[in-house]
Amino acid sequence: MALPNIFDQAIAGTFIQRIHSLQPDSEARWGRMNAAQMMAHLNVMFELALENKHERPPVFVRWMMQRLIKRKLTGEAPYTRNSRTAPVMVIRHQPDFAIEQKRLLEYLALILAHGRTYFDLREHPAFGKMTDTEWNNLFYKHIDHHLQQFDR
């Protein structure tokens, strides 16, 4: 069964409402991140998708990620709790809640403005070229997973 289309205004709108419902003191049901760190973590996902802000992993690491991890992250099965993440996505500092929330909402608006076709065969720094469906699944599953983490 296909995942909902995050490039659809109504679907993105539900995420926007859920993000607005977060508070600085929202408690996680699992994991170590607080709400600000979680949003900063999601923002790194969008930086990887839209900006050349982060270095690409070495060739061998990319090859391994494309063969062992990509399908888990871009397929339709939900993420499991407490899974390890890429080092670039680990948020150790305490980011500003309001700034990270604003950035996350801006990234959602940006992917809506770009539209689904913008992402078809767009290169991911670790996973290589991805279809628009793979991008949709990555974005949708990742955001939904972490909003559920905070009971949103």
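Taking θ as phi - 60°, what are the ³J(HN,Hα) couplings along the stretch 100-111 by the Karplus curve (6.51, -1.76, 1.60), each to the nearest whole Hz, with x for Gly and Pro?
Once θ is set to phi - 60°, the couplings for the stretch 100-111 become 5, 5, 4, 4, 5, 5, 5, 5, 4, 4, 5, 5 Hz.
Name the aspartates and glutamates eligible as straight-distance cross-link partners of LYS141: C-alpha to C-alpha under 16 Å, and not fewer than 8 places from it in the same chain.
ASP8, GLU76, ASP132, ASP151
Treating only the Cβ atoms of Lys and Arg (+1) and Asp and Glu (-1) as charged, compute the dipole magnitude of the stretch 49-114 about its Cα centre; round to the nearest 20 debye. Present the calculation step by step, with values, prior to reporting the outcome.
Details: 12 positive and 6 negative charges, 85 e Å.
So the dipole magnitude of the stretch 49-114 works out to roughly 420 debye.
Distance in nm between label sites at ALA113 and GLN148, each 7 Å beyond Cα in the beta-carbon direction?
Label-label distance for ALA113 and GLN148, simple model: 3.1 nm.
To the nearest 20 debye, what is the magnitude of the charge dipole of the stretch 1-80 about its Cα centre, counting +1 on the Cβ of each Lys and Arg and -1 on the Cβ of each Asp and Glu? Working shown, then result.
Details: 10 positive and 7 negative charges, 91 e Å.
Taking the Cα centre of the stretch 1-80 as origin, the dipole is about 440 debye.
Which one of SER83, ALA2, MET64 is farthest out on the positive end of the charge dipole of the chain, using unit charges on Cβ (Lys, Arg +1; Asp, Glu -1) and the Cα centre as origin?
The residue sitting most towards the positive pole is MET64.
At q = 0.09, 0.17 Å⁻¹, what log₁₀ I(q)/I(0) does a Debye calculation on the Cα points of the chain give, no solvent, two decimals?
-0.26, -1.02
Rounding to the nearest 20 debye, state how big the charge dipole of the chain is about its Cα centre with +1 on each Lys and Arg Cβ and -1 on each Asp and Glu Cβ. Write out the running numbers ahead of the final one.
Numbers: 20 positive and 16 negative charges, 119 e Å.
Here the chain has a charge dipole of around 580 debye.
Using θ = phi - 60° and the Karplus relation 6.51 cos²θ - 1.76 cosθ + 1.60, list the HN-Hα couplings for the stretch 124-137 in order, rounded to whole Hz, with x at every Gly or Pro.
9, x, 9, 9, x, 5, 10, 6, 4, 5, 5, 4, 4, 5
Using a Cα-Cα cut-off of under 20 Å, which aspartates and glutamates could be cross-linked to LYS53, ignoring same-chain neighbours fewer than 8 residues away?
Filter leaves ASP96, GLU100, GLU106, GLU123.
Read-outs: derived from the displayed coordinates by stated rules, not from any lab. From a predicted model like this one, the values you see are computed outputs, not experimental measurements. All Cβ positions, even for glycine, are placed from backbone atoms using ideal geometry, and neighbour counts span all protein chains on display.
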